[in-house]
1. Can you find, within segment 48-77, the residue that is farthest from the chain's Cα centre (by Cα) among those that are in a helix (DSSP H, G or I) and at pLDDT below 85?
2. Here's a check for you: in segment 6-39, which residue that is assigned to a loop (DSSP other than H, G, I, E, B) and either among the charged types (D, E, K, R) or buried (at least 19 other Cβ atoms within 10 Å of the Cβ) (or both) is modelled with the highest pLDDT?
Amino acid sequence: MLVEGAGGLSATSTIKTINAGSSGFLVQAYAGFVLIDTGVAYKRTAVERELEKAGCGAGDLKLIALTHGDSDHAHNQSPPHSS
């Protein structure tokens with residue numbers, strides 16, 4: 001359910017599937033991007049490339065949300081574009 005204005009989301013928000021070794025999602029809203037699940041560690045470079053390809057540059061990612069703590073969903077929990 002999408003609640004207009006909740007967390008910067010709107011009816012024009014877009015959701016993109018990210019290949020992170022498991023299902024990850026990038027939500028683009030007017031206030032920035034939200035990454036849902038970060039994937040496995042060996043896919044970090046691929047995840048960063050997909051974020052950049054979607055227009056999510058350094059500083060554009062406003063929130064990382066994890067559905068649960070298993071390694072295939074949470075190993076890249078530090079923000080992309082950071083060392």
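The values are calculated or read from the model by the stated rules, or taken from the named source; none is laboratory data. Predicted model only: the values in this text are computed from it and were never measured. Neighbour counts run over all protein chains shown; Cβ positions are idealised from the backbone, glycine included.
1. Residues of segment 48-77 in a helix (DSSP H, G or I): 48-53, 71-74.
Filter again for at pLDDT below 85, leaving 71-74.
Values: Ser71: 16, Asp72: 14, His73: 11, Ala74: 11 Å.
Ranking the qualifying residues of segment 48-77, first place goes to Ser71.
2. Asp37
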